[in-house]
Amino acid sequence: MSNSLVEKKNNVWEMTLKRLNGTMSLLNLKPGMKKYLCEPRKIIEVAVTVKMDNGDINIFKGYRVQHNTNRGPAKGGIRYHQDVYLDEIKALAMLMTWKCAVAGIPFGGSKGGVKVNPSELSKRELENLTRRYTFEIIQNIGPEKDIPAPDVGTNAQVMAWIMDTYSIDKGYGVPGVVTGKPIALGGSLGREEATGRGCVYSILSALKVSNIDTTNLKVVIQGFGNVGSNAAKILYDLGFKIIAVSDVRGGIYNKKGIDPYRVLKHVEKTGSVINYRESENIAGSKIFELDCDILIPAALENQITKGNASKIKAKIIAEAANAPTTPDADEILKDNDIFIIPDILCNAGGVTVSYFEWVQGRDAYFWSKRKVNLQLRDVMDKAFYEVYDIHKKNKVDMRTAASILGVGRVAEAVKLRGIYP
Ligand code: NAD
């Protein structure tokens, strides 16, 4: 879908602002505070010039948006995707601000992106693009300023190139400029699967408060990248039945269950989940219509819409992706009594272990995987029950409750710090 169509149909920035306005009214914030929270602190737009393998020069549009730094340095992933546009990056940066506040970790919110299809670039071109993008935003990132991490289309290798470029510029090694980097460069054990693991912890809490029996629960996952595949493996190991998964090329279904480890091997060989032998292919759109207990959107924003929300049969939707559900769809899901674990709570595991990575780097002392996972569980459980208490006490849905918690904490920090000068 072309950018203009995406922007016209469901502008994720406008939807995020609409939701924020609702929360700010519930919090009775003053008009000045409302204006402050709506406005990103810094928007950087750059031309990323890359010499391609065939000698051609290409220019890709790159962005870095820092929404808020009142609670700590800005923190947020970098996305490489052909549909990246500024309003999307602004929305994702704002969601990072609320997410860090919900998790109670001392970071603000940011996001970056380059409008590029990374699968069309060679490894060398990808490295050149990453290093040039880093160079273009280099004055604005740093361990105390703004700390990138992986998101859609980027990974630990991309973080290593960013770290190296930044370190060369400074003249000494600065591992703390990124998180989600390889273990050999100071990454944290458990970071790779942290978003999926955190999502699973939030599902376990949701099952507890909903009194749902955890035996034989059927799970459907949209998106089988870092987050979707890790959530699938952890749930599978806990005894959940993964009946369908999908990626950008389509979905696969087996009502008896799918072994995600074997699907991953198939993906490594073929590049997609489709045509996996022990399942049948289904259209990607069918994934939302399957009879299941837990649905995990783990791809992109705007996937659950007015058009498909009424077809969803799951009891719980765990939003591993950012902004996968439109406000129109929210109303339908609410009417159908579906329990939503909202993105800023459900996928906070990634930034939480990023925070652990940053802390370990500062101490130059590295934790065991067991310690990382136990601390992650503590943070996720605490955040879940804080949100759940607001949901119960204020009689608001879980998304509004998470937003009240996150926006409320940021507003308090803004008030305490005051406005300069
Ligand atoms: P990824 O690039 O590793 O994987 C994305 C997956 O989604 C791929 O399998 C891709 O094929 C699939 N996909 C893309 N478009 C699709 C479509 N239209 N239908 C079905 N599948 C589609 O990305 P990721 O890191 O796993 O991120 C997934 C989501 O989780 C994003 O919304 C991201 O912002 C969010 N998230 C990621 C992290 C993290 O630590 N990586 C942290 C928090 C939130």
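Can you spot the lysines whose alpha carbon is less than 16 Å from LYS415's alpha carbon? Ignore those fewer than 8 places along the same chain.
LYS30, LYS34, LYS35
Determine which lysines satisfy two conditions relative to LYS269: a Cα distance under 17 Å, and not lying fewer than 8 residues away in the same chain.
Within reach: none.
How big is D, in µm² s⁻¹, for the stretch 11-72 by Stokes-Einstein at 20 °C and 1.002 mPa s if Rh is the Kirkwood radius over C-alpha pairs?
For the chosen part, D equals 147 µm²/s.
Over all directions, average the projected area of the Cα convex hull of the stretch 278-389 and note it in nm².
9.4
Picking from ALA149, ASN117, GLY176, whose Cα lies most toward the positive end of the charge dipole for the stretch 40-185 (charges on Cβ: Lys, Arg +1; Asp, Glu -1)?
The residue sitting most towards the positive pole is GLY176.
Which of the GluC sites (Glu not before Pro) found in the stretch 76-152 are loop residues per DSSP with 15 or fewer other Cβ atoms within 10 Å of their Cβ?
Loop-located and lightly packed - GLU144.
Round to a whole number: what % of the accessible area of the stretch 11-167 belongs to carbon and sulfur, probe 1.4 Å?
C and S atoms contribute 49 percent here.
Taking only pairs that are 8 or more places apart or on different chains, how many Lys pairs in the stretch 274-411 have Cα atoms under 13 angstrom apart?
6
How big is the stretch 194-346 along each principal axis, measuring the range of its Cα positions in Å and listing the largest first?
Extents along the principal axes, in whole Å: 41, 30, 26.
DSSP loop trypsin sites (Lys or Arg not before Pro) in the stretch 127-167 with at most 15 other Cβ atoms within 10 Å of their Cβ, which ones? Could the numbers behind the result be given before it?
On the way: sites: ARG131, ARG132, LYS145; in loops: LYS145.
Sparse-neighbourhood loop trypsin sites (Lys or Arg not before Pro): LYS145.
Could you list log10 I(q)/I(0) for the stretch 147-257 at q = 0.20 Å⁻¹, which the Debye formula gives when each Cα is one point scatterer?
Debye output, listed in q order: -1.02.
If exposed chymotrypsin sites (Phe, Trp or Tyr not before Pro) are those in a DSSP loop with at most 14 other Cβ within 10 Å, what is the longest stretch of the chain that has none? Before the final figure, lay out the partial values.
Working: sites that count: TYR172, TYR365.
Longest stretch, sites excluded: 173-364.
With every protein chain left in place, what is the accessible area per residue of the chain in square angstrom, probe 1.4 Å?
Computed with neighbouring chains in place, this is 44 Å² per residue.
Any idea what the dipole of the chain comes to, in debye rounded to 20, about its Cα centre with Lys/Arg Cβ at +1 and Asp/Glu Cβ at -1?
I would put it at about 660 debye.
For the stretch 386-400, take each phi angle, set θ = phi - 60°, evaluate the Karplus expression 6.51 cos²θ - 1.76 cosθ + 1.60, and give the result in whole Hz per residue in order, putting x for glycine and proline.
5, 5, 4, 4, 5, 4, 6, 5, 8, 6, 10, 5, 4, 5, 5
Okay, helix-only estimate at 222 nm for the chain: each DSSP H run of n ≥ 4 adds -39500 (n - 2.57), divide by all residues, round to 500 deg cm²/dmol; what do you get?
-14500 deg cm²/dmol
DSSP loop trypsin sites (Lys or Arg not before Pro) in the stretch 199-266 with at most 15 other Cβ atoms within 10 Å of their Cβ, which ones?
Hits after loop and neighbour filter: ARG249, LYS255, LYS256.
Can you spot the lysines whose alpha carbon is less than 16 Å from LYS75's alpha carbon? Ignore those fewer than 8 places along the same chain.
Output for LYS75: LYS42, LYS90, LYS99, LYS111, LYS145, LYS181.
Largest first, please: the extent of the C-alpha atoms of the chain along each principal axis, to the nearest Å.
Principal-axis extents of the Cα atoms in the chain, largest first: 56, 55, 47 Å.
For the stretch 40-185, treating each Cα as an identical point scatterer without solvent, what Debye log10 I(q)/I(0) comes out at q = 0.14, 0.15 1/Å?
The Debye formula, applied to the Cα set alone, gives -0.60, -0.69.
Could I get the Rg over Rh figure for the stretch 103-204? Both from C-alpha atoms, Rh via Kirkwood, rounded to two places.
Reported Rg/Rh (Cα atoms, Kirkwood Rh): 0.98.
The values are calculated or read from the model by the stated rules, or taken from the named source; none is laboratory data. Keep in mind the model is a prediction, meaning the values are calculated, not measured. Cβ atoms come from the backbone with ideal geometry, glycine included; neighbour counts cover every protein chain shown. These accessible areas exclude ligands, DNA and RNA; they are computed on the full protein's heavy atoms, side chains included. Shrake-Rupley method; radii C 1.70, N 1.55, O 1.52, S 1.80 Å.
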